[in-house]
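Input: a single structure, listed below in structure tokens.
The values are calculated or read from the model by the stated rules, or taken from the named source; none is laboratory data. A quick note: this is a predicted structure, and the numbers were derived from the prediction, not measured. Because the Cβ atoms are built from the backbone with ideal geometry, glycine has one as well, and the counts that use them run over all protein chains shown.
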Amino acid sequence: MSIDFTKRTCYTADVEKMKAAHKLLVEVPFKPSLPERGYNNRSLHIDLTTMKVTEKQVTDQMKQIFIGGRGFGLWYLWNAIKPSTKWNDSENDIVISPGPVGGNTQYPGSGKSLVVTLSPLTGVPIDSNVGGYFGPLMKFCGFDAIEIQGKAKNDVIVLIDGQKGVIRIEEAPLESPDSHIAAELFTHEYANDHDDLRNVSVVSAGRGAEHALVGCLNFSWFDVRRGCTRLKQAGRGGIGSVFRDKKVKALVVHAPPVKGDMNHPVDIDRIAKVGVKLHREIHDNDDKQCHMRRQGTAHLVEIMDAYDLLPCNNFQFGKHPDVKNIESKVWDARFTQGIPDGCWYGCSMQCSKGADGHVVKSGPYKGDTVTVDGPEYETAAGCGSNCGIFDRDWLLEANFYCDTYGIDTISFGTLTAFVMECYQRGILNKERTGGLELSWGNAAAQLELLHRIARGEGFGLIAGQGIRRMKKIFSEKGWGDLAFLNDIGMEVKGLEYSQYMSKESLAQQGGYALANKGPQHDEAWLIFMDMVNNHIPTFEDKAEALHYFPLFRTWFGLNGLCKLPWNDVEPADNAMTSEPAKVPEHVQNYCEIFTAITGREIDKTELIRMSEGVYQFQRVFNLRMGYGKRADDVPPYRSVGPVTKEEYESRAERYDKQLKELIFVDPAGKSVDEKIAIHRKYREDRYQKLMDAVYKRRGWTREGIPTLETLKKFKVDFPEVVEVVKHHISKI
């Protein structure tokens, strides 16, 4: 479609007035620097309670064991909090770190940052991988990480100005916290001129994050072609809720212009060589494979539907006849094409698709014309099919408001689907929801629920607490049976599920429920490998996959990398390799770029070993916070098998066949309830056996506790870590 960008609503008219109302609280000079071999060897600590700004040394031990990104975040958070710390305590830390590879412009997908904090949903550390320019620009000002601790009295912004060499904390009373406005305003306030806009990035969370526990952070970049700021989300676990609890309205970085060698790598030609090869693969193969450059991750919608994996009506069903209304060709036509859509310099994957010219239909911005960043597959499936909604424009509306309010689209979609099923089954009604008719497909009610969450109003205040707390509230009020609510409430560890049906993939059930942070597909997406291709048939095979893939994907989070260029475009001959699921040529590329930047020579074995130390440390961190044992790794039964008659009957032929061929029970003459019970016993037993195999492969006890030998092997046997493990082992 043809877009007239001049018709977009812009929010820059009162920039000078708003900036004039700022009150300077702290101003601290610093010496800007550029990394050497990917590291600045220092980080920045901001205490908003004391208004103290401190630099910390990044030690060689940190670089060797924790690498960067997620690893630095976990280490800093461990040292910032106590076992008794709650998410809204002053000492809770928000850590942002891009990693040593982050910020290079030669290899696609190298602009990511990792955000770590203590999650309000789970009570354990959450990490979230996010694009946008903030992390790399912060790095090019001179810092490998930033920690935000304490709480301000009033709304503040934190500015890192790498052009002027100053860090400022300012009260900012007038700017809206809503991200599409905050990003635009603060970008214009701190850029020197129009050409400098791309050197400013803003981290923000909107009004929804102030009232809900499912808040996200938005990281901005200035889209030169569109002439506006755009957003990527650190979505999971309530990070935005912590951000707004600390009274942070925005983090702003103002960096020098980006150049290709700013990481000061050991061998830039070596990076360029593998980068050119991948650019060529993307150019030649993307249109034949995943169509990322035209559709982003939305290309997955009809693929998941075809394999009965698209969540519909709170993960009850895996396909729907109306999927045609939200499938990839719909988004291909709606996304603006022919405009570079990378969320970092040099990424030819270009998957950050934008839907320009959306006229807002509801809420406080009704009538405004905006660019919507997405939807990604997770949003289309979560806010769409999982809620029975198959309306393209309504999905854009939900996507826009989730982003600007600072609400995680994955959690919002999954919790709304849970609420809708509770409405379907009489657990909720209009009286209990404050007049909302939350029936399947009611898009207007879904949007009104979102607005009420953002306002902290009525039933929205309950829904915004997430599924784990809703289950408890509904049960305590006598509205529903807790056992049934636990079966259909799609969360583990308090984190809502992302949008894949795992009933027929035991490995994916483990990929979700055994993840340290909770059920997020970025740790292990094994459905096709397990269910479709049957490449991991035994418990030991599945355990090996649940060892390798979470560690490989952890490595992206240590270094500031996006996972999409790894396997969403593949070499033409990848299927002929011995391990096509691993895309071995691309694994070697990552070894090459890490070595070329840092000078630390690694191979594919060392790559996994680097991740394992961090992964084991994170498991002990969970234990330290009172979680991280076997009972915390058990999924809701809805993700394992059929809970209700409707689910069983929708796949009766499949389930009856499994009774005969796998469980060796004749289904003839048995009621649906009896058959459900037989399936449940079989499936839950298989999951327990999977846990045993995975724990053994990971070097954990049968209760899921890393052994002292495992900690020593991966050099995370720090005294305080050993103390936690000894304490928990002694109680078995």
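Of everything in the stretch 163-180 that is outside any strand (DSSP E or B) and within 29 Å of the chain's Cα centre (by Cα), the residue that is surrounded by the fewest Cβ atoms within 10 Å (Cβ to Cβ) is SER176.
Being at pLDDT 95 or above, within 23 Å of LYS139 (Cα to Cα) and part of a helix (DSSP H, G or I) is not true of TYR548. Scanning the stretch 366-388 for residues being touching a residue at least 60 places away in the same chain (Cβ under 8 Å) and surrounded by fewer than 19 Cβ atoms within 10 Å (Cβ to Cβ) gives a total of 2.
Residue by residue, here is whether (1) in the same structural domain as ALA445 (by TED's automatic domain parsing); (2) under 30 Å from ILE271 (Cα atoms); (3) touching a residue at least 40 places away in the same chain (Cβ under 8 Å) holds:
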residue: ALA306; (1), (2), (3): yes, no, no
residue: ASN313; (1), (2), (3): yes, no, yes
residue: GLN316; (1), (2), (3): yes, no, yes
residue: LYS329; (1), (2), (3): yes, no, no
residue: ASP341; (1), (2), (3): no, yes, yes
residue: TYR345; (1), (2), (3): no, yes, yes
residue: PHE390; (1), (2), (3): yes, no, yes
residue: PHE400; (1), (2), (3): yes, no, yes
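Whenever a residue of the stretch 529-544 is more than 14 Å from ARG698 (Cα to Cα), its partners that are among the hydrophobic types (A, V, I, L, M, F, W, C) and surrounded by fewer than 20 Cβ atoms within 10 Å (Cβ to Cβ), lying with C-beta atoms within less than 7 angstrom and at least six residues away or across chains, give the pairs MET529/ALA581; HIS535/ALA581. For the stretch 679-710, residues that are without any contact (Cβ under 8 Å) to a residue 40 or more places away in the chain and either under 30 Å from GLU649 (Cα atoms) or among the small types (Gly, Ala, Ser) (or both) total 5. Residues of the stretch 481-503 that are buried (at least 18 other Cβ atoms within 10 Å of the Cβ) and part of a loop (DSSP other than H, G, I, E, B): GLY489, MET490, LYS493, GLY494, TYR497, SER498, GLN499, TYR500, MET501, SER502, LYS503.
In the stretch 569-587, the qualifying residues are those that are under 17 Å from VAL274 (Cβ atoms) and in contact (Cβ under 8 Å) with a residue 24 or more places away in the chain, and the one that is surrounded by the most Cβ atoms within 10 Å (Cβ to Cβ) is VAL569.
Go through the stretch 443-479 residue by residue and tally those that are of a type in the set (S, T, N, Q) and without any contact (Cβ under 8 Å) to a residue 12 or more places away in the chain. Full working, then the answer.
Restricting attention to the stretch 443-479, the residues satisfying the condition of being of a type in the set (S, T, N, Q) are 446, 465, 475.
Okay, now just the ones that are also without any contact (Cβ under 8 Å) to a residue 12 or more places away in the chain, so 475.
Looking only at that region, the number is 1.
Taking (1) touching a His at 6+ places or on another chain (Cβ under 9 Å); (2) within 30 Å of TRP75 (Cα to Cα); (3) of a type outside the set (Phe, Trp, Tyr); (4) part of a helix (DSSP H, G or I) in turn, LYS726 satisfies each apart from (1). Taken over the stretch 553-567, the criterion of being in a loop (DSSP other than H, G, I, E, B) and of a type in the set (A, V, I, L, M, F, W, C) is satisfied by LEU561, CYS562.
For the condition in a helix (DSSP H, G or I), touching a strand residue (DSSP E or B) at 6+ places or on another chain (Cβ under 6 Å) and either under 30 Å from PHE317 (Cα atoms) or touching a residue at least 24 places away in the same chain (Cβ under 8 Å) (or both), what is the one hit in PHE621, PHE594, PHE617? I'd like the intermediate steps shown before the answer.
Values: PHE594 fails: touching a strand residue (DSSP E or B) at 6+ places or on another chain (Cβ under 6 Å); PHE617 fails: touching a strand residue (DSSP E or B) at 6+ places or on another chain (Cβ under 6 Å).
One residue alone meets the criteria, PHE621.
Residues that are crowded, with 23+ Cβ neighbours inside 10 Å, touching a helix residue (DSSP H, G or I) at 6+ places or on another chain (Cβ under 8 Å) and closer than 30 Å to VAL158 by Cβ are absent from the stretch 271-290 altogether. Once the stretch 53-72 is narrowed to residues that are exposed (fewer than 14 other Cβ atoms within 10 Å of the Cβ) and out of contact with any Leu (no Cβ under 9 Å at 6 or more places or on another chain), the residue that is nearest to PHE143 (Cα to Cα) is GLN57.
Would you mind stating whether ALA631 is of a type outside the set (D, E, K, R), surrounded by fewer than 17 Cβ atoms within 10 Å (Cβ to Cβ) and either modelled with pLDDT under 95 or outside any helix (DSSP H, G or I) (or both)? No. Contact annotation: residue pairs with Cβ atoms under 7 Å, 6 or more positions apart or on different chains, pairing a residue in the stretch 486-499 that is within 16 Å of ILE239 (Cα to Cα) and touching a residue at least 40 places away in the same chain (Cβ under 8 Å) with a partner that is buried (at least 24 other Cβ atoms within 10 Å of the Cβ) and among the hydrophobic types (A, V, I, L, M, F, W, C), are LYS493/VAL124; GLY494/LEU121; LEU495/LEU121; GLU496/ILE410; GLU496/LEU415; GLU496/ILE467; GLU496/MET490.
Checked against (1) over 27 Å from GLN520 (Cα atoms); (2) assigned to a helix (DSSP H, G or I); (3) within 29 Å of the chain's Cα centre (by Cα), ARG600 passes all but a single condition, namely (2).
What number of residues within the stretch 134-174 satisfy the criterion of being of a type outside the set (Asp, Glu) and in contact with a Cys (Cβ under 8 Å, 6 or more places away or on another chain)?
Selection size over the stretch 134-174: 2.
This table checks each residue for (1) within 25 Å of the chain's Cα centre (by Cα); (2) farther than 14 Å from LEU485 by Cβ; (3) surrounded by 18 or more Cβ atoms within 10 Å (Cβ to Cβ); (4) of a type in the set (A, V, I, L, M).
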position	(1), (2), (3), (4)
VAL419	yes, no, yes, yes
CYS422	no, no, yes, no
LYS430	no, yes, no, no
SER439	no, yes, no, no
ALA445	no, yes, yes, yes
LEU449	yes, yes, yes, yes
GLY456	yes, yes, no, no
ILE467	yes, no, yes, yes
LYS471	yes, no, yes, no
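Give the stretch 207-258 a look and list any residue that's more than 15 Å from ILE96 (Cα to Cα), in a loop (DSSP other than H, G, I, E, B) and at pLDDT below 95, or say none. The answer is VAL224, ARG225, ARG226, GLY227.
Only one of ILE462, ILE427, ILE473, ILE453 is touching a strand residue (DSSP E or B) at 6+ places or on another chain (Cβ under 7 Å) and either aliphatic (A, V, I, L, M) or part of a loop (DSSP other than H, G, I, E, B) (or both); which?
On the way: ILE462 fails: touching a strand residue (DSSP E or B) at 6+ places or on another chain (Cβ under 7 Å); ILE427 fails: touching a strand residue (DSSP E or B) at 6+ places or on another chain (Cβ under 7 Å); ILE473 fails: touching a strand residue (DSSP E or B) at 6+ places or on another chain (Cβ under 7 Å).
Being touching a strand residue (DSSP E or B) at 6+ places or on another chain (Cβ under 7 Å) and either aliphatic (A, V, I, L, M) or part of a loop (DSSP other than H, G, I, E, B) (or both) holds for just one of ILE462, ILE427, ILE473, ILE453, which is ILE453.
Yes or no: the stretch 399-416 includes at least one residue that is crowded, with 24+ Cβ neighbours inside 10 Å, over 23 Å from PHE243 (Cβ atoms) and either modelled with pLDDT of 95 or more or not β-branched (Val, Ile, Thr) (or both). No, there is no match, as no residue in the stretch 399-416 is crowded, with 24+ Cβ neighbours inside 10 Å, over 23 Å from PHE243 (Cβ atoms) and either modelled with pLDDT of 95 or more or not β-branched (Val, Ile, Thr) (or both).
Yes/no per residue for (1) within 28 Å of ALA272 (Cβ to Cβ); (2) touching a residue at least 60 places away in the same chain (Cβ under 8 Å); (3) surrounded by fewer than 24 Cβ atoms within 10 Å (Cβ to Cβ):
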site: ASN104; (1), (2), (3): yes, yes, no
site: LEU121; (1), (2), (3): no, yes, no
site: ASP127; (1), (2), (3): no, yes, no
site: GLY135; (1), (2), (3): yes, yes, no
site: ALA145; (1), (2), (3): yes, yes, no
site: ASN199; (1), (2), (3): yes, yes, yes
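Applying the set (1) in a helix (DSSP H, G or I); (2) buried (at least 18 other Cβ atoms within 10 Å of the Cβ) to THR605 leaves exactly one unmet item: (2). Filtered by the rule that a residue be in contact (Cβ under 8 Å) with a residue 40 or more places away in the chain and within 16 Å of the chain's Cα centre (by Cα), the stretch 501-513 gives TYR512, ALA513.
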